[in-house]
Structures are given as structure tokens and as C-alpha cells.
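The values are calculated or read from the model by the stated rules, or taken from the named source; none is laboratory data. Since we're looking at a predicted model, the values are computed, not measured. Here the Cβ positions follow ideal geometry from the backbone for every residue, glycine too, while neighbour counts run over all protein chains shown. For accessibility, only protein heavy atoms count, side chains too; no ligands or nucleic acids. Shrake-Rupley method; radii C 1.70, N 1.55, O 1.52, S 1.80 Å.
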Amino acid sequence: MQLNELGETENIENEAWQALENSILYYQGRPVGTLAAYDPSVEALNYDQCFIRDFVSSALIFLIKGRTDIVRNFLEETLKLQPKEKALDAYKPGRGLIPASFKVISSDGEEVLEADFGEHAIARVTPVDSCLWWLILLRAYVVATNDYSLAYQPEFQKGIRLIMDICLANRFDMYPTLLVPDGACMIDRRMGIYGHPLEIQVLFFTALRAARELLVCRGNEEIVEAIDNRLPLLCGHIRQHYWIDINRLNAIYRFKSEEYGKAAVNLFNIYADSLPYYDLDKWLPKKGGYLAGNVGPSQLDTRFFSLGNLMAIVSDLATEKQSQAIMNLIEKRWDDLVGDMPMKICFPALEHEEYRVVTGCDPKNIPWSYHNAGSWPVLMWMLAAAAVKTKRTSLAEKAIEIAQSRLGEDEWPEYYDGKKGRLIGKQARKYQTWTITGYLLAKELIANPAHLPLISFDKLPAEVVSKACELESNSVSPYLSR
């Protein structure tokens, strides 16, 4: 890299750090989070709040830089917002939920935190991912600081148990995955992900692993046993039933439908005509593969969802072979998934009649925009983490180089539109904090891979792997076993 390019890169990073400083949210004189976006030139709307999922990349950057106070304050204050009693009103948040966001307001001359559990969100969707991200971040704080005393405090142990209670509760469902409505995660608008979307299942798996590390105090034995029972079931289920590569596609292509009983091969009764076989046949590289977006009764969503696939690599939910296949796919289909701005939240976009039916003609989710295959720079940090995990760092370096050539000049927009991400998002907010931190965190992870354990784990225990493999082999299609 030439001197002038180094200078430009340094200027971009300095600008990013300053923008991050400007976004810090203070409560009673203490930093407690970051605003979703800080752009004084436009109306704040709900971008003056701290969103739990948005803050994760900010928190990881702060932990890396030794600014642990803001992360600790965030964890303590959001825990206080968690409902501890059962709600008698069906319109109230359930016990154990972590809010989607919070903001500082003035009440009777005093500062208070006002939580939003979805009551004010578009479509009034209750977040499912907030409590999962909160657990993952608590564990990252403990890893960074070695301060186990925070997680072992009675109120934190109770908070973790309450989250596990709602995640592990019996439901009208007999899968190890979490059943959730549309819009319950980063994709928070109607996009046909209701049921068992990959993003939630991967975050659920990662949160289970985090909770398993943190729930060591007496009285947690039943929860720990429940986690130990669920982990191999969830792991085996996702690795087997969500995986798509050319061999798996061939097996599904030859499925018979309307099978009944324990000997059924087509367990979810997937109808062959419901899948775009010929598009997938052209798109799937020979040595590439990925985890499907959703699996359920007569449903196999073959869209590629970036967050779920990348986090599956980082958390060890995907096997080593599957992880390499996902990275192979990203490399071979670079123009589709990365293009001119890393990276697509999903691919391909819903278009034409499918777009109208599935999204309800959502004007923000028009094809190749926003959550309908828009490009989100925040996903760079997950790409970098997956690249470090799989020792494919050149892919992340290439993505970072693409991004830094535009992000500063474009004033750090929330997302980009178009098939290759060339257009600044039609309704994208500028100086979006997680765009800034996605870039900075990706740089930090590539520069120093020793930071990866903040969001990664040791290998799964042998007994979990063994049981997961047993579950996979017991449910494997006869076409796959050849």
C-alpha cells in the first residue's frame, strides 16, 4: 500500500473513531451504550435509542480497547429493564425478555431509562434476539476482563436463568429449534422468515453455550441439565436439516412426499416443485454449501442469510467441513454476496409477485433494498470473524478494502441498495453506529486474531459432538448415505 493510501486509510479510521465517540449515550453521567445513529442534520426518530443488537459491535470494540466500563454499565442497566415477574396483561413483555432498545428520558427532573420491548416498533414485533445477544455479550465481557464476579452476582444469575426459562420452555412445538414470528431479529420486517429462521437458531445455540459457561452457581443444576440436553439436539438438527450443497440438493430433488411414520425420509414433507432447483444447480459451487434460511413443515427457504451462516462458523455450530464450504461459496459467488459493498443480508431478493405477497408490498423492502437483499456494512465484522476462524483472512481483507474506499465518503450509511451494493440505501440513515463499528471491528479482528475468543468458543465437548453426529446419522437420507 502506498503512503497516500495509508494516509487516507488512517484518516478514515480517525473519522470512524470520532463518529463512534459522538454516538456514546450517557445516563446519570455514565456511558451506557451508543445511539443507533448520530446525525444532527436530520430528525432522530428512533435512532436516538440504543438498540441491544446494534450495540454488540460497539461493545466488542470497547472491550478490545480496554474501555470495559461502558460495556459493564450497559449490561447492568439493561438487566434492570428485564421484567422479573410474570405479566398478567398479554400486551406486557414476558418475564425474562431483554428490550429491543432503550433511551434516556427526563421524568420529574430526573433521568430515567425507557425500554422498548416492541410496543413502539413498526408492526409491534417483540424482539427475540435481544436476550440472546445480551447473553453472548455478557460472556464476551467476562472473557475480555476475566471478571467472573459480575456474571456470578445473584441478579445476573437470575437474569440468565429467566432468559433460559423462556428459551427452553415447553411449547406447541417438537423441534429443538426456537419457533418465532416474522421480524423477530435483525430482519425486523415481514420477510417470510417466520417459523424457525436460521439467524435465531444460531444465536440460540451461541447463547446456550454462553449460558452453559456462566451458570456455575448452586441452584442452576436443572437449567444446566436442560442446556446439556438441548445443545446436541439443536446442533444435530441444524447441521443435518438446514444444510444445502449439491449432494444434499440431489437428495431433496428425489424426495417422495406424503410419507408417514418413523421410516419417512422427507421428514418435513418438502415438495420438489417448491424449490428453485435449476437456479441452485447453477449457483452452488462444487465444493460450496450453506445453511438454509428456514426449515419447517413443507418449507425449505433456500435463500442465503449472511448473519446466520457467518455466526454458525464462529460459534462452531457448523462443522469444519461445512464452515470451509460456506467460505468457498462466498469466494465463488463474491459478486452476488459482497459486490461493491460488503455484504448482502440475504440472497437473492424476493421479486415480482413473491415480493408483493411475502412482504406485503413493503416499500422499504423493495427488491435489492434494505432487508430484501440490501448490503449491510455491519456484517463485515462477522465476515472477518468467520475468516479468522477458517484461516481465510484474505477474503475479509478484500472486503474491508472495498468498504473503506466508500464508507467515509458516503458518511457511513446504514445500508446500500442494488444487486452489487452500488447505491446508498434509499432510506438509509447516515452516521449509522453499527456501520462504523462493523468496519472498525473487522479491522481489529484481522489485525489481531487473538480477539476472536470474545465471540468464539472452544471446540464443542466430545459428548455433544458424539450425540449430534449420532442424531445426524439416525435421520440421514438414504440418498446421502451412499
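Within segment 222-317, which strands (runs of 3 or more DSSP E) (wholly inside it) include 1 or more residues that are among the basic types (K, R)? Counting at least 1 such residues, we get 299-305.
Go through the residues of segment 269-278 one by one and say whether even a single one is over 23 Å from S456 (Cβ atoms) and of a type in the set (D, E). Yes: one or more hits. The set of residues from segment 407-429 being closer than 19 Å to D54 by Cβ and in contact with a Ser or Thr (Cβ under 8 Å, 6 or more places away or on another chain) comprises L407, W412, P413, E414, Y415, Y416, G425. For segment 327-336, residues that are buried (at least 22 other Cβ atoms within 10 Å of the Cβ) and in contact with a strand residue (DSSP E or B) (Cβ under 7 Å, 6 or more places away or on another chain) total 1.
Would you pick out the residues in segment 89-112 that are assigned to a loop (DSSP other than H, G, I, E, B) and more than 17 Å from T126 (Cα to Cα)? Within segment 89-112, D108, G109 meet the criteria. Of the helices (runs of 4 or more DSSP H) entirely within segment 323-399, those holding at least 1 residues that are among the β-branched types (V, I, T) and under 21 Å from I455 (Cβ atoms) occupy 380-389.
Return the residues of segment 98-127 that are among the hydrophobic types (A, V, I, L, M, F, W, C), within 27 Å of E199 (Cα to Cα) and either touching a Cys at 6+ places or on another chain (Cβ under 6 Å) or modelled with pLDDT of 95 or more (or both); say none if nothing qualifies. Those that are among the hydrophobic types (A, V, I, L, M, F, W, C), within 27 Å of E199 (Cα to Cα) and either touching a Cys at 6+ places or on another chain (Cβ under 6 Å) or modelled with pLDDT of 95 or more (or both): I98, A100, F102, A115.
Across segment 424-469, what is the total count of residues that are assigned to a helix (DSSP H, G or I), polar (S, T, N, Q) and open to solvent by 30 Å² or more (accessible area, probe 1.4 Å)?
Kept after step one, since they are assigned to a helix (DSSP H, G or I), are these residues of segment 424-469: 433-447, 449-454, 462-469.
Now restrict to residues that are polar (S, T, N, Q): 433, 435, 437, 466.
Those still in the list that are open to solvent by 30 Å² or more (accessible area, probe 1.4 Å) too: 466.
The number of residues fulfilling the criteria is 1.
Answer with yes or no whether K344 is touching a Gly at 6+ places or on another chain (Cβ under 6 Å) and basic (K, R). Spelling it out, it is not the case that K344 is touching a Gly at 6+ places or on another chain (Cβ under 6 Å) and basic (K, R). Consider I200 carefully, then state whether it is touching a helix residue (DSSP H, G or I) at 6+ places or on another chain (Cβ under 7 Å), at pLDDT 95 or above and open to solvent by less than 10 Å² (accessible area, probe 1.4 Å). Judged against the criteria, I200 is a match.
From the list T437, T433, T390, which one is under 25 Å from K332 (Cβ atoms) and hydroxyl-bearing (S, T, Y)? Show your work before the answer.
Values: T437 fails: under 25 Å from K332 (Cβ atoms); T433 fails: under 25 Å from K332 (Cβ atoms).
On inspection, the qualifying residue turns out to be T390.
Let me spell it out: the conditions are (1) buried (at least 24 other Cβ atoms within 10 Å of the Cβ); (2) in contact with a helix residue (DSSP H, G or I) (Cβ under 7 Å, 6 or more places away or on another chain); (3) of a type outside the set (S, T, N, Q), and P367 meets all of them except one. Which number is the exception? Exception for P367: condition (1).
Do we find that P413 is on the phi < 0 side of the Ramachandran plot, open to solvent by less than 10 Å² (accessible area, probe 1.4 Å) and modelled with pLDDT of 95 or more in this structure?
Taking the combined requirement at face value, the residue satisfies it.
Note on segment 118-145: among residues that are in a loop (DSSP other than H, G, I, E, B) and under 15 Å from the mean Cα position of the chain (by Cα), the one that is surrounded by the most Cβ atoms within 10 Å (Cβ to Cβ) is P127.
Collect the residues in segment 36-79 that are open to solvent by 50 Å² or more (accessible area, probe 1.4 Å), at pLDDT below 95 and not hydroxyl-bearing (S, T, Y), keeping them in residue-number order.
Start the filter on segment 36-79 by keeping residues that are open to solvent by 50 Å² or more (accessible area, probe 1.4 Å), which leaves 38, 40-43, 45-46, 48, 65-67, 69, 72.
When the remaining residues are screened for being at pLDDT below 95, the result is 38, 40-43, 45-46, 48.
P40, V42, E43, L45, N46, D48 - these are the residues of segment 36-79 that are open to solvent by 50 Å² or more (accessible area, probe 1.4 Å), at pLDDT below 95 and not hydroxyl-bearing (S, T, Y).
I'm trying to understand the selection: among the residues of segment 148-171, which are in contact (Cβ under 8 Å) with a residue 24 or more places away in the chain and of a type in the set (D, E, K, R)? Passing the criteria: E155, K158, R161, D165.
Considering only residues that are outside any helix (DSSP H, G or I) and on the phi < 0 side of the Ramachandran plot, which ones fall in segment 6-32? Show your work before the answer.
Residues of segment 6-32 that are outside any helix (DSSP H, G or I), as a first pass: 23-32.
Within segment 6-32, S23, I24, L25, Y26, Y27, R30, P31, V32 meet the criteria.
Does at least one position in segment 165-186 carry a residue that is open to solvent by 50 Å² or more (accessible area, probe 1.4 Å), polar (S, T, N, Q) and assigned to a loop (DSSP other than H, G, I, E, B)? Yes, segment 165-186 contains a residue that is open to solvent by 50 Å² or more (accessible area, probe 1.4 Å), polar (S, T, N, Q) and assigned to a loop (DSSP other than H, G, I, E, B).
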